[in-house]
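Some notes on the structure that comes next.
The values are calculated or read from the model by the stated rules, or taken from the named source; none is laboratory data. Remember, it's a predicted structure, so these values are computed and weren't measured experimentally. Please note: Cβ atoms are built from the backbone with ideal geometry, for glycine as well, and neighbour counts cover all protein chains shown. Ligands, DNA and RNA are excluded from the accessible area calculation, which covers all protein heavy atoms including side chains. Shrake-Rupley method; radii C 1.70, N 1.55, O 1.52, S 1.80 Å.
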Amino acid sequence: MLEQYLPLLALIIFGNIENLVLSSQGVVAGVNPLKLGIASICVVLFWLVFGTLTTQMLIQYADFIEFIGGFAIFVLGLQAMIQSIRGV
């Protein structure tokens, strides 16, 4: 069952790391941690359900999806680092 997700494994790992980076960025910015945690869990659950339901249908586009997702994670991480450097 898990072998169907192997083409997207890197995206899953780095997406979770990016979620942690964005959450910590929100806490540093002074966002209510409880509201941020609830919102983060809701988004993660949404993507879990969405990804589970659409993996079989879109597996042929795994390379393209992983590239776009990886690029988005890179851009968001870069943005977080730039903002944290400016805040120092």
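Figures for the structure shown
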{"quantity": "Any hit, segment 17-26, residues being of a type in the set (Asp, Glu) and open to solvent by less than 70 Å² (accessible area, probe 1.4 Å)", "calculated": "yes"}
{"quantity": "Within segment 44-78, considering residues that are polar (S, T, N, Q) and surrounded by fewer than 13 Cβ atoms within 10 Å (Cβ to Cβ), the one nearest to ILE13 (Cα to Cα)", "calculated": "THR52"}
{"quantity": "Selected residue (only one of ALA29, ALA39 is open to solvent by less than 70 Å² (accessible area, probe 1.4 Å) and either among the small types (Gly, Ala, Ser) or modelled with pLDDT under 80 (or both))", "calculated": "ALA39"}
{"quantity": "Any pair with Cβ under 7 angstrom, 6 or more apart, that starts in segment 62-82 at a residue that is in contact (Cβ under 8 Å) with a residue 40 or more places away in the chain and ends at one that is among the charged types (D, E, K, R) and open to solvent by less than 50 Å² (accessible area, probe 1.4 Å)", "calculated": "ILE73/GLU18; LEU76/GLU18; GLY77/GLU18"}
